[in-house]
Structure formats: structure tokens, C-alpha cells
Amino acid sequence: MARPSQRRSGGARTDQGAQRRPASRPTEQGIIPVLAEVARDVDRAVQRPPTRPAVRTKFQVVALLVREERARVMADATMGTSRRTEQLKRLDGVATMLARTAARDTSLLELLGEEARVSDAARAYKATLMRAGGLEPPDEPEPVVAAAPVTETAPRVVPRSVISRQLANPFLAPDYEAAAARTAAKARRLAGWELLDPLFNSFERAATGAPACMRLPEPRSLSVSPGRELMPHQAQVVAATAGGHRTFLLADEPGLGKTAQALLAAQAADAYPLLVVVPNVVKTNWAHEVGLWTPFRRSTVVHGDGDRVDGFADVVIVNYELLDRHVGWLGDLGFRGMVVDEAHFIKNKTSQRSQHVLTLSERIRARTARPLLMALTGTPLINDIEDFRAIWQFLGWIDDEKPLGPLMTALEETGLTPADPGFYTAARASVIDMGIVRRRKVDVVADIPARRVADLPVELDGAVGRSIRAAEAALAGRMVGRYRSAVEFRGGDSAAGEVDLELVRQVAAAELKDSSSKAGGENVFTMVRRIGQAKAGLAADYAAQLARNVGKVVFFAKHVDVMDQAEQTFADRGIKYASIRGEQTTRTRNKNIAAFVDDPEVQIAVCSLMAAGVGLNLQVASNLVLAELSWTDAEQTQAIDRIHRIGQDQPVTAWRIIAAQTIDSKIAELIDSKAGLAARALDGADLEDGAGSTDVQLEALVGLLTDALAAEGVA
């Protein structure tokens with residue numbers, strides 16, 4: 001962009017020349033040329049991704065100053081009309097440059113939101129630019145200490161079973177070690193130094209290029225539930241916990257089993273009762289994983305007002321959105337451990353959910369000297385180094401002003417101050433040793449299979465979930481009626497005796513035949529489609545989380561309306577996607593494939609299971625979401641093979657979204673069993689699509705009818 005002031009002065013002088021001769025270059029003075037120069041630097045830097053935190057800070061500061069300068073120019077009554085017009089035009093030029101930069105990296109737009117946090121480093125840089133532009137920075141106001149959430153006015157509830165637990169255990173056992181730790185205070189060599197900003201900056205200034213990971217012990221054999229086996233990298237974290245480590249920022253990539261590591265770490269630390277705070281989409285899966293990895297521990301999931309909460313459970317699972325309603329009793333229950341899943345959700349310390357998480361963590365640390373605290377996230381940094389702040393505070397490493405406890409001791413023992421060149425390297429190592437664990441798939445490739453399917457159970461809540469369960473009950477009831485009629489026709493008693501399995505199969509086959517021949521009415525096909533529609537939002541939500549954590553993701557669905565709903569979710573979140581559907585022309589299809597493969601900003605490919613299940617090479621991704629179940633393992637395998645193929649250099653994980661407590665779960669089991677039978681076939685041949693589909697559909701109805709008869713006492 002041309003610089004008008006330079007062209008009017010009759011030459012393309014540098015800014016340094018303008019500074020040496022300010023009297024002859026009056027139009028070059030002021031804040032605008034300073035902002036323009038920094039904006040150009042930012043634009044050049046963003047063209048060489050990834051965008052570093054320092055560049056993001058510069059972008060945010062320039063945008064803020066452009067906004068403030070515009071307001072100042074508009075409000076200046078002493079400025080003439082022509083001068084005001086000229087200044088606004090020049091500010092528009094800088095704003096246009098920033099907009100072009102943000103188009104290259106759309107995540108920069110998050111820095112301009114009303115809730116975007118302005119870090120201490122950004123405020124200091126802002127003051128520097130203002131002075132360079134001849135402006136006097138305003139005095140910084142005294143820092144405002146965020147007030148604790150006002151609990152009295154929030155609509156709080158206490159579940160009945162929690163009251164029963166409190167009555168059964170009226171006093172929590174005192175922890176004298178915790179009290180001693182709080183009262184033990186020493187004079188500190190670094191007491192007069194500002195340490196938080198140097199700690200945050202150390203992760204940029206002393207970065208080595210390798211993932212940050214604490215020293216972990218060698219894995220050892222562990223007693224886990226039957227049929228479950230920990231991978232070596234998982235066993236290392238559990239071994240560290242057994243050895244006494246109690247705080248972890250577990251930042252492994254998705255697919256490396258962070259949930260199992262957290263649950264078995266809790267078992268190793270005897271950190272019960274354990275509080276687990278999670279996004280809504282994985283709440284049911286956490287309860288499922290508790291049953292798999294620690295089957296002797298009871299879990300309870302908090303829904304709504306908590307009417308079904310088991311106050312005596314070992315593991316309490318609650319989603320972020322419900323914390324406001326339940327934070328009161330959760331803070332009083334006496335937890336000895338807390339796990340926060342997708343911990344980057346609390347990066348904005350001023351948000352209500354972050355305040356609730358930090359309040360609960362503080363209550364736990366106040367009552368227990370060495371609680372187990374684990375923050376799980378595949379994306380520890382979203383926008384800025386200071387995204388660490390809330391997570392570190394949750395873990396008890398820092399407070400609003402300074403490092404705490406062991407971290408402060410470690411910094412003291414370095415013998416360095418922030419004025420020493422070696423401080424940043426030592427400080428970064430001290431923080432990592434507090435419990436940062438980061439492994440990528442490529443780092444532990446020997447531990448994990450080249451391809452695996454991971455089931456993610458989800459709960460269908462609300463009216464849609466109730467409607468689906470009612471439809472399933474009606475279908476089962478219809479088949480039970482047919483079964484009873486057949487038994488009575490034979491002259492038997494339908495209310496007693498053993499289930500006639502042959503008759504069950506005949507009834508299920510008749511229902512399947514009717515379902516295939518009738519266009520209308522509720523049947524197994526319409527019900528499965530409704531389940532897919534109900535799962536669409538949850539599946540898209542999980543795909544969005546994966547994209548934020550690991551980059552490119554492939555999203556598969558069977559039906560167009562499920563794809564539409566997913567694409568709307570991605571659009572609402574500002575996530576770029578490519579759509580691959582059956583009705584597209586070859587040109588459009590190839591264009592969209594190329595966009596997903598070649599454009600780093602296109603994060604998700606939304607694919608039709610039927611149209612995109614074959615003939616695609618999408619190995620640029622290593623994670624895939626199956627939003628709807630297929631009727632055959634062959635279709636599922638073909639979808640996975642779009643990314644698990646020659647050229648793929650990472651293990652592949654297919655995340656299968658399953659509606660818990662519905663026929664969806666039965667279908668998933670049947671698909672897996674058919675795949676096992678095919679794998680054991682002597683000639684290696686898979687089931688043909690038609691026969692496989694019919695088998696799964698029939699067996700699903702057989703299972704539904706058998707369960708309904710058992711529930712009615714026919715056994």
C-alpha cells in the first residue's frame with residue numbers, strides 16, 4: 001500500500017529518514033505511520049505460518065490502537081474537516097491491511113472480540129507504540145482482583161442423595177498436612193521480582209522445537225480390568241502418579257488415551273471421590289470408560305437438577321454448563337481429586353465456567369494437601385502463551401500474582417533472576433517438571449495400532465431422545481405382540497416358559513420384511529435415521545473439538561440432512577470445511593477435495609458415506625468421525641480406508657459416535673462381531689454388502705425382541 005505522506009514529500013524515504021528530519025516531514029509524524037509499519041510486519045509474518053504468539057500480540061495491539069485513534073479523530077472538535085477525512089482515510093488503509101492479514105489466518109479475529117483478553121505483554125507493547133507515535137500512554141489502573149462468583153443469587157440445587165451422603169458423613173476427616181503446607185512460609189529470594197510474565201514468555205523464548213514433556217518413569221506392569229491393557233506411554237503417567245506426582249497438564253494428542261490415563265492415575269493416587277468436569281458431548285463416554293478401566297468404582301453423571309445423582313459414587317461426572325447449578329455441593333463433597341477434560345475451555349479466566357472450575361480446585365486444595373489435579377487437553381495453547389494462566393492456576397502452580405509452592409521453590413533453586421540470560425531456559429524446565437506431558441502420535445507410534453476404531457457413546461437428551469426411546473419401545477412392543485399371538489396360536493402360554501429363539505427370529509424376519517416393503521410408518525430404518533439426526537449435532541461438536549486439537553478431520557455421514565446439520569455447526573463456529581456429496585459434478589467434487597488436501601485453513605471434509613466411501617485419498621488427516629453407523633463393516637472399513645492408505649505416516653483413529661441406550665449400541669456390536677467372523681474366514685473374504693446388511697438388521701431386531709421379552713419376565 002502506498003504511503004501518501006511519502007509521495008507528497010517527493011521521495012520514497014525510509015521511516016528512519018523521517019525520524020531524523022521531523023520538521024520537514026510533518027505528515028509522517030503521529031501514530032498512524034507507526035501502526036502502518038507494524039501492520040506490514042505482521043502481514044509478512046502471517047504469510048509464513050504458523051503465526052507466533054508475539055505476532056498475534058502485535059496484530060491485536062495495532063487493531064486496538066486503530067480503533068482508539070479513529071474514536072479520537074472523530075471526537076476532536078479542533079480538527080478541520082479535510083484533516084479529519086485524511087486521517088480517517090489513512091486509518092482505513094491500516095484497517096484494510098489488518099483485514100487482509102486476518103483473511104490469511106482467521107483465528108486472529110478472535111483477538112478482536114469483546115471478551116478477548118489483553119495480556120500484560122500486549123499492554124506493554126501498546127504503550128511502546130503510543131510513545132513511538134508521540135502519544136502519552138494513560139496510567140495503568142490498579143489491577144482488579146476478580147471477585148468470587150456470587151453463589152447466593154445463582155439457582156443452586158443439592159441432589160437428595162448428596163444430602164444423604166452428608167448426613168452419613170457429617171464431618172470430613174481433617175488433613176493436617178494441608179494445614180501445615182498453608183502455614184509454612186519462608187522469605188523468598190525472588191519475592192520482589194515479577195515472575196509470571198517471564199514464566200509465560202519462557203515457553204517462547206526458550207522453546208526447543210520438541211514437545212514439552214516432563215521426565216517420566218519407565219512403565220511397569222499394572223493391574224487393570226480384565227481384557228484391558230495399557231499402552232507403554234499411558235503406563236508412564238500412571239507410574240508417575242504411583243510414585244507421588246499429583247499435578248498434570250496432560251496434553252497428549254487425541255487418540256492416545258488420556259481418559260484411561262486419568263482414571264488409572266486416580267486409582268493409583270486413591271483420589272476418591274473424584275470430580276470430572278467435561279464437555280457435554282463426552283459426558284456419557286467418561287462414565288463408560290470408568291466401567292471399562294476401573295470397574296470396581298461407581299460413577300454417576302450429573303444431569304439437569306441432579307435428581308438421578310448417586311451421592312455415594314466414587315466418580316462424579318458433570319459438564320461445564322451445569323457447574324453453575326451444582327458448584328455449591330460439589331465444593332463441599334470432599335473430593336480428593338479433580339480432572340478437567342478439554343481444559344482449554346477455561347482459558348478465559350473471566351468466564352463463569354472458568355471461575356467455577358478455579359473455585360472448585362481451590363476448595364479441594366484447601367482441604368487436601370496433595371490432591372490429584374489433572375488438566376486434559378490436546379490444545380494447551382489457543383491464541384496466546386497466557387492461555388496457560390487459567391490451567392496453571394487450576395493445577396495450583398500459580399495464583400493471580402506469583403508462582404506457588406513447589407514451582408516457586410524450583411525457581412529459587414535455580415539461583416537465577418529474570419535479569420539473567422539463563423533464567424528463561426531454567427524457568428521453562430521448572431514448569432515442565434511440574435507435570436506437563438505432551439506426546440504426539442508420531443512420538444509413540446510403536447505403542448498404538450496403525451488403525452483403530454474408538455467408540456464414543458453419547459446421551460440423547462430432551463424431547464428428541466425421549467421420542468426415539470418411545471419409538472424403540474413401540475417397535476419392541478409390536479414384535480412382542482406378534483410373538484405372543486404366534487405362541488397362543490400354537491396353543492402355548494406366552495407369559496411363561498423359555499423364549500422360543502426360532503420363533504423370535506421368525507417374528508424379527510417378518511418385521512424386517514414389512515419394514516422394507518412399507519414406505520410409511522415407524523420401523524427399524526426410520527428409527528435408525530432419526531437416531532442419526534439426533535446425533536448429528538453431538539458428532540459435529542466432537543469433530544470441531546478434534547479439528548481444534550489435531551488439525552484436519554474427515555466427517556462421514558449417511559444422510560444429507562445429517563451432513564447439512566454438521567456443516568451448519570462448522571459454519572457457525574467459523575470452521576472452514578469442504579463438502580463431498582453424491583450429487584456434485586466431477587469438477588466440484590475435485591475442487592472440494594483439493595481444498596481439503598491443499599488448503600491449511602480447510603479443517604474438515606464432510607463426506608457422504610455412500611458417495612465418498614471409495615475412490616478418495618484423504619490421508620492428509622489421521623482422524624475420522626463416523627456420525628452414523630453403517631449396516632456393514634465393509635462400508636465402515638471403506639470409509640476408514642480413505643485416510644488409512646499408502647502415504648499415511650500416522651496411526652489412524654476412527655471415532656464412532658454411538659447413541660447410548662438405543663438400538664445404535666446393538667448395531668455397533670453386531671457390526672464388530674460380523675467383522676470378527678470375516679477376519680477369521682479361511683479365505684479372508686469379507687461378507688457381501690447385501691447379506692451383511694440383512695444379517696445385521698435381522699440380528700438387531702432379534703436382540704430388541706429378546707430384551708423386551710426378558711424385561712416382561714418371559715424367560
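A few notes on this one:
- 3J(HN,Hα) along region 633-643, derived from phi through the Karplus expression 6.51 cos²θ - 1.76 cosθ + 1.60 where θ = phi - 60°, amounts to 5, 4, 5, 4, 5, 4, 5, 5, 5, 5, 10 Hz, with x in place of Gly and Pro.
- Taking amide H atoms as placed 1.01 Å from N in the peptide plane, the amide H of ALA369 lies under 5 Å from those of ALA178, each 5 or more residues away in sequence or on another chain.
- Residues GLN661 and GLU229, FRET efficiency given R0 of 30 Å [Cβ-Cβ distance, rounded to 0.05]: 0.65
- Its residue count N fixes a reference of 2.2 N^0.38 Å for region 532-688, and the Cα radius of gyration divided by that reference is 1.02.
- Nearby lysines by direct alpha-carbon distance to LYS535 (threshold 17 angstrom, same-chain neighbours under 8 apart not counted): LYS283, LYS558, LYS666
- Modelled label reach - VAL499, point 7 Å along Cα→Cβ, region 436-479 residues with backbone N closer than 14 Å: 476-477, 479
- Rounded to the nearest 20, the size of the Cβ-charge dipole of region 212-324 about its Cα centre is 340 debye, with Lys and Arg at +1 and Asp and Glu at -1.
- Table column - 3J(HN,Hα) (Hz), region 38-46, Karplus curve with 6.51, -1.76, 1.60, x for Gly and Pro: 5, 4, 5, 4, 5, 4, 5, 5, 5
- Solvent-free Debye scattering, log10 I(q)/I(0), computed from the Cα coordinates of region 49-111 at q = 0.12 Å⁻¹: -0.36
- The slack between ASP561 and LEU167, meaning 0.36 nm per residue of separation minus the straight C-alpha distance, is 136.8 nm.
- Computed from phi, the 3J(HN,Hα) profile of region 83-100 under the Karplus parametrisation 6.51, -1.76, 1.60 (θ = phi - 60°) reads 5, 4, 4, 5, 5, 5, 5, 5, 5, 4, x, 5, 4, 5, 5, 5, 5, 5 Hz, with x in place of Gly and Pro.
- Cross-link table LYS58/LYS441; LYS89/LYS347; LYS58/LYS552, entries beyond 30 Å C-alpha to C-alpha: LYS58/LYS441; LYS89/LYS347
- Placing dummy labels 7 Å off each Cα toward the beta-carbon, the span from GLU321 to ALA75 is 4.0 nm.
Just so you know, all these numbers are worked out from the coordinates, no wet-lab data involved. Quick caveat, the model's predicted, so the values are computed rather than measured. Every residue, glycine as well, gets a Cβ built from its backbone with ideal geometry; the counts of neighbours run over all protein chains shown.
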